[in-house]
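See below for the structure under consideration.
Read-outs throughout are calculated quantities, based only on the coordinates presented, and are distinct from any laboratory measurement. Please read all numbers here as calculations on a predicted model, not as lab measurements. Glycine also receives a Cβ, built like all others from the backbone with ideal geometry; neighbour counts cover every protein chain displayed.
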Amino acid sequence: MLDLLSEYYLVIKALHVVSVIAWMAGIFYLPRLMVYHAEQVANGLPQAEDLFRTMERRLLRAIMNPAMISTWVFGLLLVLTPGVVDWSDAWPWAKAAAVLAMTWFHMWLAARRREFAEGRNTRTGRTYRMMNEVPTLLLLVIVFAVIVKF
């Protein structure tokens, strides 16, 4: 099995990168949709409610969830590939912590989407704007950890 992982290392790595890009696109876009959703409702424009609910649900279920799962699968395959990760270094631990935090953020967004779908959102557009900065910080940690290997 490990020989197979080594043989397909570059393919697995490419699939991991593509998955990460798709996941991050959704992670950046969903909070932005939520900003507009919260502000439209607050401004008394409930006619947009169904459109935002549909966009948020489809983004989460059709793009973000599969992308997160494939990111994890291909990432774990990379970790299992001999010679890729030296756990005595700090960088894999920093990356792992940031990926866990990104996964938490994904789940937080899913919970907020559910609140919107049920008409129970209590957060303002400003809250979603601020939370939209979280994945940027995590992305910086992940990229610098992997590239610079601090």
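From (1) touching a Lys or Arg at 6+ places or on another chain (Cβ under 7 Å); (2) in a helix (DSSP H, G or I); (3) more than 30 Å from Arg129 (Cβ to Cβ), pick out the condition that doesn't hold for Leu60.
Among (1) touching a Lys or Arg at 6+ places or on another chain (Cβ under 7 Å); (2) in a helix (DSSP H, G or I); (3) more than 30 Å from Arg129 (Cβ to Cβ), the lone unmet condition for Leu60 is (3).
Hey, among the residues in segment 80-95 that are within 21 Å of Phe144 (Cβ to Cβ) and in contact (Cβ under 8 Å) with a residue 12 or more places away in the chain, which one's farthest from the chain's Cα centre (by Cα)?
That would be Asp89.
Hey, can you tell me all the residues within segment 1-13 that are loosely packed, with under 12 Cβ neighbours inside 10 Å and part of a helix (DSSP H, G or I)?
Answer for segment 1-13, where residues must be loosely packed, with under 12 Cβ neighbours inside 10 Å and part of a helix (DSSP H, G or I): Leu2, Asp3, Leu4, Glu7, Leu10, Val11.
Name the residue, out of Ala96, Ala101, Ala62, Ala111, that is among the hydrophobic types (A, V, I, L, M, F, W, C), surrounded by fewer than 15 Cβ atoms within 10 Å (Cβ to Cβ) and farther than 15 Å from Ile21 by Cα.
Ala111
Consider only pairs whose beta carbons are under 8 Å apart and that are at least six residues apart or on different chains; among these, list those whose first residue lies in segment 9-23 and is touching a residue at least 24 places away in the same chain (Cβ under 8 Å) and whose second residue is among the basic types (Lys, Arg) and outside any helix (DSSP H, G or I).
none
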